[in-house]
Amino acid sequence: MRNATQSLELTPTKLSKGVKERKNYLVHKLWTMGYTQDRVGKPTENMTLTELEQIHINLQCQKAREEAHD
């Protein structure tokens, strides 16, 4: 049976893996939407998960607004 210290050592690894997987998913999703860098030229690959999530939300909202006007 694992002790509490061993369990805590695994948590950051699982979290880091989850963050990396989500970032990769969002970078790919944004790429399929035609978005590869921000206005100042920062590539999506260099963005934080928070930045990627916000851009993804903004693009989804923009797309929904455009579809509502059609």
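The values are calculated or read from the model by the stated rules, or taken from the named source; none is laboratory data. The structure presented is a predicted model; accordingly, all values stated were derived computationally and were not measured. Every residue, glycine among them, receives a Cβ derived from its backbone with ideal geometry; neighbour counts consider all protein chains shown.
State whether one or more residues within region 4-15 are under 15 Å from the mean Cα position of the chain (by Cα), modelled with pLDDT of 95 or more and not hydroxyl-bearing (Ser, Thr, Tyr).
No - not one qualifying residue is present in region 4-15.
Scanning region 39-70 for residues that are assigned to a loop (DSSP other than H, G, I, E, B) and at pLDDT 95 or above, which turns out surrounded by the most Cβ atoms within 10 Å (Cβ to Cβ)?
MET47
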